[in-house]
Structures are given as structure tokens and as C-alpha cells.
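What follows is one structure encoded as C-alpha cells, with my remarks underneath.
FYI, it's all coordinate maths here, none of it is from the lab. Being a predicted model, the structure only gives us computed values, none of them experimental. Here Cβ is always computed from backbone atoms with ideal geometry, including for glycine, and neighbour counts include all displayed protein chains.
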Amino acid sequence: MGKIEIEKQDSVKLYKIRKILDELSQKSGRGTELISVYIPKGKQLHEIIGTLQQEQGTADNIKSDLTRSHVVDSLGKVVQRLKLYKKTPERGLVMFCGALPPEGGGPLGSEVVQVWEIDPPKDLNQYLYRCDDHFHVDILKDMLKDDNLIGFLAIDAKDAGWGLLHGDKIEVLAQTGSGVAGKHRQGGQSAKRFQKLREMELSYYYNRVAETTREYFIDIYPIKGLVISGPGPTKEDFINGNYLEYRLQNMIIATIDSSYSGAEGIREAFAKAGDILSDFRMVEEKKLVEDLFKEINGRTGLGTYGLKEVIELLKNNVVKTLLITDNTNLHRIEGKCKRCQNIQEEIVERPEVIPKKTEFANNPCPGCKSMEVEANEQDIVDYLELLAAQTGTQLEVISGTAEHGVMLSSLGSVGAILRYNPGHTK
């Protein structure tokens, strides 16, 4: 069996990049003044800095005073940030910078230059510099797609089915009947002749299956591994007969005995392939959520859910693994008094962020009645990541649209497997 190399992705890091890209996709500049810079791995930073400094010179020719000053300031800020790096990070670097109106909008000229730096999730191999009315985020968005495709073929003498596992779902691509006669001959044919005809039909069918498999899994969906399943010995005959193109033959990572072939066989094989695909994110997420439900349903005291309770346990170092879906859209708002350091905090949904920050900033500190309260926000995952890092807790962000993410959402999108039973039951 071939060994399949699948890169294990950091779910928190991917969540953060996705969140930033969603935010950047919605921003637009007042002119063509938003800067996107993609620096490929191995590219010398001094070359990039030189190019951007030349662009600063060119920007002096922009007619509009405001646009000119925004572009020059933004380029200056990117150059300033790049000078802090000794060399290009291992996978490359992406920077976005531009003058944007303050949160909640503002008059012309009130824009603030903001900069974002992103460590790409995979090796970045292309250089791009753009000054536009929007940020160019598509190259990074493409990098977030799970390219670890696994092909499934479920075959027996009656029919065959093809399926594809990508990201968090298994998709049935097609199925076909074999056209091969059953094992029992009609009267009037000699057993020998019948056997010969059946073997020819099988061989023709295997060649047809091999050709479709090549079209799907090399031409259309370049897979990283192939799982072949089916009842009885047909799958082994197919594999041992070397009907598959050599590249696919080398990609077979497992053969699975199943009760069905065709489309039904694809779903059955996927259900049985958990161990083989254990490197795969979807299977990983499924296991994490199943483990959580096992503890909750078994009333062991080691599984809990609900944001408030989980945060409390996290602060007390009771949480072993913390799970949260990627679509919660919650933010922690903190009001910190500059005079007495008193902290007020509240967790709210996105639309309530600005009103809550305004409320904290415009009301006296409940501790010392001073009006010097500074309000800040952070994404819930960033906040949980900080707490988790202090206690050595494993934090996993689960896809909210996948079947197991939906199960977690039914518990309020946050759950935790505990190190020990803290002595109370839910």
C-alpha cells in the first residue's frame, strides 16, 4: 500500500486567515489606493523594498492630493514593516495596506492607514504588487482550499461507483452498470464457452472502469490517494490485473471489504475508511466531536458545552481540548480603566460590537468613576487561543457547515473535553 503524505493544517491559523480575508474582501478604497503585496518564498526582501520605494517615487505623480498622500503613506508603512524582517519567512509573506475610513464611517480625510501581515498557509510561489480600489485576496483564498483530494472506487461484477472526498464532504461522482452476465449460464451454452465470454465481458468492463477512473482522478480531480472497495474478490481481480494506469495503481492507499458497490458502496467505504484517512481534517473533526458527545452522553463529567461554562473551566485549567465552530461570529469587548485598571468584559455578536464599545467608552468606570475607559475588541477565537496557551489546552476550530460542525452548533458552537471531572454534573 502506498503511504500518503497529507499536510496537517493548523485549524486556528486557517480560521484566522479566513477571517482576515473575509474582512478585507469587504473593504474598498476611496480611490485606487489599497495595496496588496505577495512576496514569494526565497525572494530577497531588499529587492522588494527597492521596488516599493520606486513605487513611492511614482506615486508622487498622482493628481489627487489625498490619494497621493494615502498611497505614499501606505507604501512607507509596508517598507517600514518589511525592514523588521531579517529575511523572507519560510513560506513567503503577504501584506495588505491602505487608508480606510474609521469603523462606523467618517468624513473624507478621516481615513486611517492600516496594515495586515499574513503568513501564507502553503508555499507562496508568485510575486504580486497591486495598487487598486480593493485588496487582492484571491491567491490566498485559493491556498485555503483543501487540496488533499482522495478518490473512492466501489466495484463488483455488477456495477461500479466513483466518489471524491474533498474538504469536509464526500461526493458521489457517478456510477455505471457492468453489462456482465451473471455467474449462471443460460441453457444451450457450454460451461467453457460461457466462462470465456464472461471473462471477456469482465475484462472489457475493467478497462472501461480503469479509463473512467483515470479521467476522474487524474484529468479532472488530481487526487492524492485512492481507496478501492467492494464485496467479494472483484476488486482484487481488478487491482491485480493491472488495469489501472500506473500513477493510480501507485496511489492505492487501501482496499476495503464492503457490502455494496456503486454509489451506496462509496458512502459505506467512506464510513469504514476513518483509520486510513486519520490524517484527514474532516475525519479528525468527526472524531473530536464524537469524543465530546461520548463524554456528554456517557455523563462522565468529562464533556461540557456552553461558552460561559467553558471559559470558566478554561481559566481554571480543567480543559484538555476545546472545540469551537468557525461560524460563531462572537467578539469579546473589553473596557479597561486607564486610572484604576478595572476591566469590564462582555461577549457579543458582530452587530453589537460598536454599540458595546461605545457604551464602555462613554460611561464612567464602575470602580473609580473615572471617564478614562478604553474599549477594545477581539475575535472570540483569538481570546480563547490566549487562554488555551496559558493552560496548555488544545484548541480546535471545526468547520461549522460540516455534519459534525452542525452537531457542535446544536450545543451552542462551543464544547470542551476536560482533563478531570470538576465534580459537578450538567
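Run lengths n ≥ 4 of DSSP H only: what is the helix-derived mean residue ellipticity at 222 nm for the chain, with -39500 (n - 2.57) per run over all residues, to the nearest 500?
-11500 deg cm²/dmol
If I model a spin label as a point 7 Å beyond the Cα along the Cα-Cβ vector, how far apart are those points for residue 201 and residue 125 in nm?
Roughly 4.7 nm, to one decimal.
How far apart, in nm, are the 7 Å Cα→Cβ label points at residue 275 and residue 138?
Output for this residue pair reads 4.5 nm.
To the nearest 0.05, how large is the calculated FRET efficiency for residue 378 and residue 245 if R₀ is 41 Å and r is the Cβ-Cβ distance?
It comes out at approximately 0.20.
What nm value, rounded to one decimal, do you get for the distance between residue 341 and residue 221 when each label is placed 7 Å out toward the C-beta?
My value for the distance between the label points is 5.6 nm.
Run the numbers on the chain and let me know its relative contact order in percent, using alpha-carbon pairs under 8 Å that are six or more apart.
That works out to 15 percent.
About the Cα centre of the chain, what is the dipole size in debye to 20, counting +1 per Lys and Arg Cβ and -1 per Asp and Glu Cβ, all else neutral? Spell out each step's value before the answer.
Working: 55 positive and 62 negative charges, 160 e Å.
Dipole size: approximately 780 debye.
Relative contact order of segment 11-144: what whole-number percent is it, with Cα pairs under 8 angstrom and at least 6 residues apart? Working shown, then result.
Numbers: 224 pairs, mean separation 53.0, N = 134.
RCO, segment 11-144: 40 percent.
Provide the FRET efficiency to the nearest 0.05 for the residue 171-residue 211 pair, computing r from the beta carbons and using R0 = 25 Å. Could you put the intermediate results ahead of the total?
Numbers: r = 20 Å, r/R0 = 0.82.
For residue 171 and residue 211, the calculated efficiency is 0.75.
With unit charges on the beta carbon (Lys/Arg positive, Asp/Glu negative), name the residue among 79, 42, 110 whose Cα is farthest towards the positive pole of the charge dipole of segment 11-144.
42
Tell me, what is the Rg over Rh of the chain, with Rh the Kirkwood radius over Cα pairs?
Looking at the chain, the ratio lands at 1.10.
Among 41/83; 13/336; 19/287, which pairs are too far apart, with a Cα-Cα distance over 23 Å?
13/336; 19/287
Pull up all non-local amide H partners of residue 150: gap of 5 or more, or a different chain, and H-to-H distance under 5 Å with H placed in the peptide plane.
165, 224
Have a look at 69, 355, 24 and report the one farthest towards the positive end of the charge dipole of the chain, computed about the Cα centre with Cβ charges (Lys/Arg +1, Asp/Glu -1).
Sorting the options by dipole projection puts first 24.
Which stretch or stretches of segment 327-343 have amide N atoms under 11 Å from the point lying 7 Å from residue 368's Cα along the Cα→Cβ direction?
337-342
Seen from all sides and averaged, what is the projected area of the convex hull of the Cα atoms in segment 299-342, in nm²?
Details: hull surface 18.6 nm².
Reported value for the Cα convex hull: 4.6 nm².
Once fully extended, how much extra length lies between residue 112 and residue 410, figured as 0.36 nm per residue of separation less the alpha-carbon to alpha-carbon distance?
Between residue 112 and residue 410, full extension yields an extra 103.3 nm.
Can you give the FRET efficiency for residue 394 and residue 32, using 1/(1 + (r/R0)^6), R0 = 60 Å, r = Cβ-Cβ distance, to the nearest 0.05?
With a Förster radius of 60 Å, E is 0.85.
Rounded to two decimals, what is the ratio between the C-alpha radius of gyration of segment 11-144 and 2.2 N^0.38 Å?
Working: Rg = 14.6 Å, N = 134, 2.2 N^0.38 = 14.1 Å.
Its radius of gyration relative to the 2.2 N^0.38 Å reference: 1.03.
Can you tell me the mean projection area, over all orientations, of the convex hull of segment 150-279's alpha carbons? Units nm², please.
One quarter of the hull surface, i.e. the mean projection, equals 7.7 nm².
Treat segment 48-109 as a sphere of radius equal to its Kirkwood radius over Cα pairs and apply Stokes-Einstein at 4 °C in a medium of 1.567 mPa s; give the translational diffusion coefficient in µm²/s, rounded to a whole number.
Translational D for this selection: 98 µm²/s.
Measuring from centroid to centroid over Cα atoms, what is the spacing of segment 218-291 and segment 335-358 in Å?
The distance from the Cα centre of segment 218-291 to that of segment 335-358 comes to 51 Å.
Fully extended, how many nm does the chain gain between residue 361 and residue 191 (0.36 nm per residue separation, minus their Cα-Cα distance)?
Between residue 361 and residue 191, full extension yields 52.1 nm more.
Would you mind checking which residues have amide H under 5 Å from residue 414's amide H? H placed 1.01 Å from N; only 5 or more apart, or other chain.
Under 5 Å from the amide H of residue 414: 306.
At q = 0.09, 0.14, 0.15, 0.21 Å⁻¹, what base-10 log of I(q)/I(0) does the Debye formula yield for segment 284-418 when every alpha carbon is treated as an equal point scatterer in vacuo?
Normalising to I(0) and taking log10 leaves -0.31, -0.67, -0.75, -1.14.
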